[in-house]
Structures are given as C-alpha cells and as structure tokens.
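**Student:** The following block contains the structure, expressed as structure tokens.
What follows draws every value from the coordinates through simple rules; no lab data is involved. It should be emphasised that the depicted structure is a prediction, and the values quoted were computed from it without experimental measurement. No Cβ is skipped: glycine too gets one built from the backbone with ideal geometry, and neighbour counts run over all protein chains shown.
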Amino acid sequence: MSNSNRQTISYLNRRFREVGLEPNKRHGQNFLVDLNLVRLIADTGDIHPADAVLEIGTGTGSLTAMMAEKAGLVVTVEIDEHLHQLAKEELEPFDNVRMLLQDALKNKNNLSPTVLAPIYEWINQAPGRGFKLVANLPYNVATPIISNLLMLELPPRLIAVTIQKELGERMMAKPSTKDYSALSVWVQALCDVSMARVLPPNVFWPAPKVDSAIMRIEPIAAKRAAIPDLPFFHTFTRSLFFHRRKFLRSVLVSAFKEQMNKVQVDAVLADISFYSPTTRAEELTVAQIQDLCERFRLASQSLR
C-alpha cells in the first residue's frame, strides 16, 4: 500500500480493528490523519544524514518512515505494545531505525538513559553528528520531555514537535501576560522558538478538544553559554513563578530561606535597577531574570 493511504482515518480504523486496538487516552494518543501535515513536521525538523532523530511516540510509524529516509539514525520510542508491533511492519525496510518499547521518561525530571544511549553512541562514531527531537508528542509528556532535553550536556540541535497550541503559546509568552511562566523563561533563555503551523482538532483521530501547533525550538549555543549554572537557573526560575502573584521580595525570601536571611536578600535587591517593592516575577524580562538569578547565585555562594 502506498504511504499516502497509510494515515487516513479509514486506514487507521481498519488496522486498529485488525489487531483489536483502540487509541489510549491515558497515553495521549492522537494520530495525525493528514499526511501533508505529517510531512510538515518532518520538514520542520530539517533532517540531514548527520542527524540522529529522537521520536517520542512512534504511533503507526508514518512520521518515522519519512524521517528514516533522510536521517543517519532514528530512535523511536513507543510505550504501547500494540502500536509498537503495528509500526514494526511499516518500519521493517529501514535499517537505520531503532525501535524502543518503553516510557521515554525515567521520572518527571529525567529522560530514560536507554533512550539517549543509542543516540550518543552513534554521535560519537563520527565528527559533525548531532541529534534532533522530531515528533508528534503525546500531550501528557510534552513539557517534561522538552524541559529535560534542554538540560542535557549535549542538547538537541533542533526540536520540531506537535504539542498543544496553548503550551506552545506559553513557551513564546512575553512578560506581564497570563501565559508567561517559568517554562517561557526556561525555553526563551536557551532557544529561539516559533510556531510553524496551528493544527485544528479535525486533522487528528481521535480529535482532541484543543488546537495543536507544530513548534520549532532551536537551542542557541551563545544563549546557553550566558548561563553559568544551568541547574541553578532552572530551579531559580521555577521558584520565582511558584507563587506568581506574590511580590518578588517575598518569593525570594522564601526561596533562599536556607541560605540567606531577609537583610541579605534586601542587600542584593538594593543593587538592582529594575527592582521596586511592588515588582512581581511575571513582570520581568528573560534577561532581567537571568541577571537576578546570577546575583543571587553568587550571593548565596559567598555566604556558604
């Protein structure tokens, strides 16, 4: 059967019936039924032979097959045993596809090492190689997958993913808007981020209740180099937005209560031009939060 027939609703319905399978809501399964949009995800990934591609959510293997035609290696991860078996038939012709049947996450804050191991092994075999995340991501793991990939010592060259549109908007949000969050700061501090296409519910089966979006997230080496301690910045940013409506001083006093007293917190804040007693974290730009973070990192270190 030609690839163009492989991702229609009728095709998926028939194949799922053959193996006694139904889409699993718990695993966030929504299948793109427009092959042109599947190809757009692959194209947004800008895949080359020097790329290893990580795909979370193999599904029926349609996107995997498109990427395998261009990539040096595709490591595709599926948690659903039935889908894994279904995709095996689609992917049998490709010797550069590694299929993993498992959860991509070890826990909320860590990717499974067995997912990354074949990618790093392949990268280390020749100079100039790197990896990308290109996937129709299951909605329920999108945030931890993207956040954890950006924390890696060797982050992806590019992330091209389908996620909930609302989550994509949060990643791109500006200060003093309702969507501006720790995730906005974390992603924008490390990457250039843009929305390639909005996808309505009817291009998926089963149709989700929300719009989706294909996002292009490109980690920038110079941005990363400007953050001296990435884990500290990650923790600091999350603590700033934990009580987003509170005044900044009270949030910082709470966040640093083990390392600094109120007088010491006030001493750091006294030197900051953009601070006032009524400042809230959600009003600060990404650059201001980076500046604030570094001042508190150095101050807390000096008091040890």
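**Student:** Evaluate Rg over Rh across region 230-302, taking Cα atoms for both radii and Kirkwood's formula for Rh.
**Tutor:** For region 230-302, the value is 0.90.
**Student:** Looking at region 87-119, which trypsin sites (Lys or Arg not before Pro) are DSSP coil and have at most 14 other C-beta atoms within 10 Å of their C-beta?
**Tutor:** LYS108
**Student:** For region 151-157, take each phi angle, set θ = phi - 60°, evaluate the Karplus expression 6.51 cos²θ - 1.76 cosθ + 1.60, and give the result in whole Hz per residue in order, putting x for glycine and proline.
**Tutor:** 7, 4, 4, 10, x, x, 5
**Student:** Let me ask you something else. Over region 172-304, what portion of Cα pair distances is larger than 27 Å, expressed as a whole percent?
**Tutor:** Beyond 27 Å sits 30 percent of the P(r) for region 172-304.
**Student:** VAL53: net charge of surrounding residues, Cβ under 12 Å, Lys/Arg +1, Asp/Glu -1, itself excluded?
**Tutor:** Here the count lands on +1.
**Student:** Please list, or write none, the lysines whose alpha carbon is within less than 23 Å of the alpha carbon of LYS108, excluding same-chain residues fewer than 8 places away.
**Tutor:** LYS25, LYS132, LYS165
**Student:** With 23 Å as the limit, write out which pairs from LYS174/LYS223; LYS178/LYS209; LYS174/LYS246; LYS178/LYS246; LYS209/LYS246 have Cα-Cα distances beyond it, or answer none.
**Tutor:** Where the Cα-Cα span goes over 23 Å, the pairs concerned are LYS209/LYS246.
**Student:** While we're looking at this one, here's another question. So, with +1 on the Cβ of K and R and -1 on the Cβ of D and E, and no other charges, what is the size of the charge dipole of region 3-221 about its Cα centre, to the nearest 20 debye?
**Tutor:** 480
**Student:** Could you work out the relative contact order of region 230-302, using alpha carbon pairs under 8 angstrom and six or more residues apart, expressed as a whole percent?
**Tutor:** Relative contact order, region 230-302: 39 percent.
**Student:** May I pose another question? In sequence order, what are the phi-derived ³J(HN,Hα) couplings for region 234-239 according to the Karplus relation 6.51 cos²θ - 1.76 cosθ + 1.60 with θ = phi - 60°, rounded to whole Hz, with x for glycine and proline?
**Tutor:** Per residue, the Karplus-derived 3J(HN,Hα) values read 4, 5, 4, 4, 4, 5 Hz.
**Student:** Would you work out which of SER62, PRO208, VAL141 lies farthest towards the positive end of the dipole of region 3-221, given +1 charges on the beta-carbon of Lys and Arg and -1 on that of Asp and Glu, about the Cα centre?
**Tutor:** PRO208
**Student:** Once both axes come from the Cα atoms, what is the angle between helix 35-44 and the longest principal axis of the chain, in degrees from 0 to 90, rounded to 10?
**Tutor:** 40
**Student:** Nearest 5 percent is fine: what portion of the DSSP beta bridges confined to the chain is antiparallel?
**Tutor:** Here the share of antiparallel DSSP bridges comes out near 50 percent.
**Student:** Sticking with this one: Could you work out how far apart the two model spin labels at ALA50 and ASN110 are, taking each label as a point 7 Å from the Cα in the direction of the beta carbon, and quote it in nm?
**Tutor:** 3.2
**Student:** Another question, if that's okay. Along Cα→Cβ, 7 Å out, is where each label goes; now give me the distance between the ones at THR278 and THR235 in nm to one decimal.
**Tutor:** 3.4
**Student:** Pop out the ³J(HN,Hα) list for region 186-201 in order, Karplus 6.51 cos²θ - 1.76 cosθ + 1.60 with θ = phi - 60°, rounded to Hz; leave Gly and Pro as x.
**Tutor:** 4, 6, 5, 5, 10, 9, 8, 10, 8, 9, 7, 6, 8, 10, x, x
**Student:** Taking the 0 to 90 degree range and rounding to the nearest ten, how far is the long axis of helix 81-91 tilted relative to the main principal axis of the chain, both from C-alpha atoms?
**Tutor:** Result, in degrees: 60.
**Student:** In degrees between 0 and 90, to the nearest 10, how far off the longest principal axis of the chain does helix 9-18 point, with axes built from Cα atoms?
**Tutor:** Once rounded, one gets 70 degrees.
**Student:** Follow-up. Let me know the charge dipole size of region 180-279 about its Cα centre in debye, to the nearest 20, where only the beta-carbon of Lys, Arg (+1) and Asp, Glu (-1) is charged.
**Tutor:** For region 180-279, the charge dipole is close to 300 debye.
**Student:** More than 30 Å apart: what percent of Cα pairs in the chain qualify?
**Tutor:** Roughly 38 percent, rounded to a whole number.
**Student:** Using the C-alpha atoms of region 174-238, what convex hull volume per residue, in cubic angstrom, is computed?
**Tutor:** Looking at region 174-238, the number lands at 122 Å³ per residue.
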